[in-house]
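Enquirer: Mind looking over this structure? Questions follow.
The values are calculated or read from the model by the stated rules, or taken from the named source; none is laboratory data. Nothing here was measured: the structure is a model prediction, and the numbers come from that model. So basically every Cβ, Gly included, is an ideal-geometry build from the backbone, and we count neighbours across all protein chains shown. In case anyone asks, the SASA skips ligands and DNA or RNA and just uses the protein heavy atoms, side chains included. Shrake-Rupley method; radii C 1.70, N 1.55, O 1.52, S 1.80 Å.
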Amino acid sequence: MTETGIKTGLVLEGGGMRGIYTAGVLDVFLENGIQFDGVIGVSAGAVHGCSFVSGQRGRSIRYYKKYCRHPRFMSWRNLLRTGDIVDEEFCYHLLPDTLDPYDYDAFHASHTEFYVVCSNVETGRPEYLRITDMKTQIDFMRASASLPVVSRIVHADGKKLLDGGCTDSIPLAAFMRMGFGRNVVVLTREEGYVKKPELQWLSQIYYRKYPKFLRALNLRPRTYNRSLHRIARLEKQGRVFVIRPSRPLTIERMSHSLKELEETYELGRKDAKKNLTELEQYLK
């Protein structure tokens, strides 16, 4: 919380492997003692955001580099074998419980509120879900990062959920409505980026039973670009602090390249360090 009593928030965009840029930014925050009253993440933003809340500097880049080429981490083989491009048991249980342990106790002890964004397939609306117990609520995290078409629908808390980026890729407005008045947004697209319409035919086949979700997918470019426009306006007014890639990220959404991972992570660190003094001043 700021000196004036305003709650501080951290908003983390997703983007598949582009999210390792965010991991670099967050590690610099941890190294410099920068904390927030609340963190909200979408997809990869949620995945890296949870390690920030538990204070595990370097965890994301460590296990991404170690396991990104593992066939159970993310592969077309997984998709054919299980219906999910990411192996649920490996990524959400074996990895955090055994291979690179997640600090559940530190997360539970943290005073930072942690939220993930999921898309409700039946309503076509975003769900802003608070996680207070990472182990028992891991399906919320999994749903937030479950890309449409290449992931099965996640059933959690009586809802049918998928990737939060389908309905609210950058949930700044939602966090402001929750009472977080001074926010930092970490984007994974460069300044000036404009999202263009994508091929919809696969989605039309997969989600024909969910017309409201299909409509949200069709409107996604417009919704995303509108969010960017609003963020740019708030940034100009000094009402939000934005860290974005200083150059376009060329890493593929499903990259297995250690070189690309390292370069993207280091760019996140570089951009965060460049903005550090202004950021600290903003948060005061």
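Enquirer: Condition first: of a type outside the set (Ser, Thr, Tyr), under 17 Å from the mean Cα position of the chain (by Cα) and either on the phi > 0 side of the Ramachandran plot or part of a loop (DSSP other than H, G, I, E, B) (or both). Can you find one or more residues in segment 107-128 that meet it?
Expert: no
Enquirer: Let me ask something else. As an exercise: evaluate PHE90 against (1) surrounded by 19 or more Cβ atoms within 10 Å (Cβ to Cβ); (2) aromatic (Phe, Trp, Tyr); (3) out of contact with any strand residue (DSSP E or B) (no Cβ under 7 Å at 6 or more places or on another chain) and give the number of the one condition it does not meet.
Expert: (1)
Enquirer: Quick one: in segment 152-190, which of the residues that are part of a loop (DSSP other than H, G, I, E, B), among the acidic types (Asp, Glu) and touching a strand residue (DSSP E or B) at 6+ places or on another chain (Cβ under 9 Å) is surrounded by the fewest Cβ atoms within 10 Å (Cβ to Cβ)?
Expert: Looking only at segment 152-190, we keep the residues that are part of a loop (DSSP other than H, G, I, E, B), and these are 152-153, 157-158, 167-171, 178-179, 187-190.
From what is left, the residues that are among the acidic types (Asp, Glu) are 157, 168, 190.
Applying the additional criterion that residues be touching a strand residue (DSSP E or B) at 6+ places or on another chain (Cβ under 9 Å) yields 157, 168.
Values: ASP157: 13, ASP168: 24.
Top of the filtered list is ASP157.
Enquirer: List pairs: first residue in segment 50-73 and under 14 Å from ASP87 (Cβ atoms), second residue open to solvent by 50 Å² or more (accessible area, probe 1.4 Å) and not in a helix (DSSP H, G or I) anywhere in the structure, Cβ distance under 6 angstrom, at least six positions apart or on different chains.
Expert: CYS68/HIS256; ARG69/HIS256
Enquirer: Now, a different point. Can you run down the residue pairs with Cβ atoms below 7 Å, 6 or more apart or on separate chains, where the first is in segment 223-247 and closer than 16 Å to VAL194 by Cβ and touching a residue at least 40 places away in the same chain (Cβ under 8 Å) and the partner is surrounded by 14 or more Cβ atoms within 10 Å (Cβ to Cβ) and among the hydroxyl-bearing types (Ser, Thr, Tyr)?
Expert: Short answer, once both residue conditions are applied: TYR224/SER169; SER227/SER169; PRO245/TYR21; PRO245/THR188.
Enquirer: Can you spot a residue in segment 69-84 that is among the small types (Gly, Ala, Ser), open to solvent by 40 Å² or more (accessible area, probe 1.4 Å), out of contact with any strand residue (DSSP E or B) (no Cβ under 7 Å at 6 or more places or on another chain) and not in a helix (DSSP H, G or I)?
Expert: Initial filter on segment 69-84 (among the small types (Gly, Ala, Ser)): 75, 83.
Still in the running and open to solvent by 40 Å² or more (accessible area, probe 1.4 Å): none.
Within segment 69-84, not a single residue is among the small types (Gly, Ala, Ser), open to solvent by 40 Å² or more (accessible area, probe 1.4 Å), out of contact with any strand residue (DSSP E or B) (no Cβ under 7 Å at 6 or more places or on another chain) and not in a helix (DSSP H, G or I).
Enquirer: Let me ask something else. What number goes with the only condition from (1) open to solvent by less than 20 Å² (accessible area, probe 1.4 Å); (2) in contact with a strand residue (DSSP E or B) (Cβ under 9 Å, 6 or more places away or on another chain) that MET17 does not pass?
Expert: (2)
For every residue, the table says whether it meets (1) among the small types (Gly, Ala, Ser); (2) open to solvent by less than 30 Å² (accessible area, probe 1.4 Å); (3) more than 19 Å from GLY14 (Cβ to Cβ).
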residue: TYR224; (1), (2), (3): no, yes, no
residue: GLN237; (1), (2), (3): no, no, yes
residue: VAL242; (1), (2), (3): no, yes, no
residue: ARG253; (1), (2), (3): no, no, no
residue: TYR265; (1), (2), (3): no, yes, no
residue: ASN275; (1), (2), (3): no, no, yes
residue: LYS284; (1), (2), (3): no, no, yes
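Enquirer: Okay, moving on. Would you mind telling me which numbered condition in (1) in contact (Cβ under 8 Å) with a residue 60 or more places away in the chain; (2) open to solvent by less than 50 Å² (accessible area, probe 1.4 Å); (3) within 21 Å of TRP76 (Cβ to Cβ) SER144 fails?
Expert: (3)
Enquirer: In segment 18-60, how many residues are outside any loop (DSSP other than H, G, I, E, B) and either closer than 18 Å to LEU267 by Cβ or not hydroxyl-bearing (Ser, Thr, Tyr) (or both)?
Expert: In the first step, residues of segment 18-60 are kept if they are outside any loop (DSSP other than H, G, I, E, B); the result is 18-31, 38-42, 44-53, 59-60.
Filter once more, keeping what is either closer than 18 Å to LEU267 by Cβ or not hydroxyl-bearing (Ser, Thr, Tyr) (or both): 18-31, 38-42, 44-50, 52-53, 59-60.
Count: 30.
Enquirer: Exactly one of (1) within 17 Å of the chain's Cα centre (by Cα); (2) farther than 15 Å from LEU258 by Cβ is unmet by GLU89. Its number?
Expert: With (1) within 17 Å of the chain's Cα centre (by Cα); (2) farther than 15 Å from LEU258 by Cβ applied to GLU89, the lone miss is (1).
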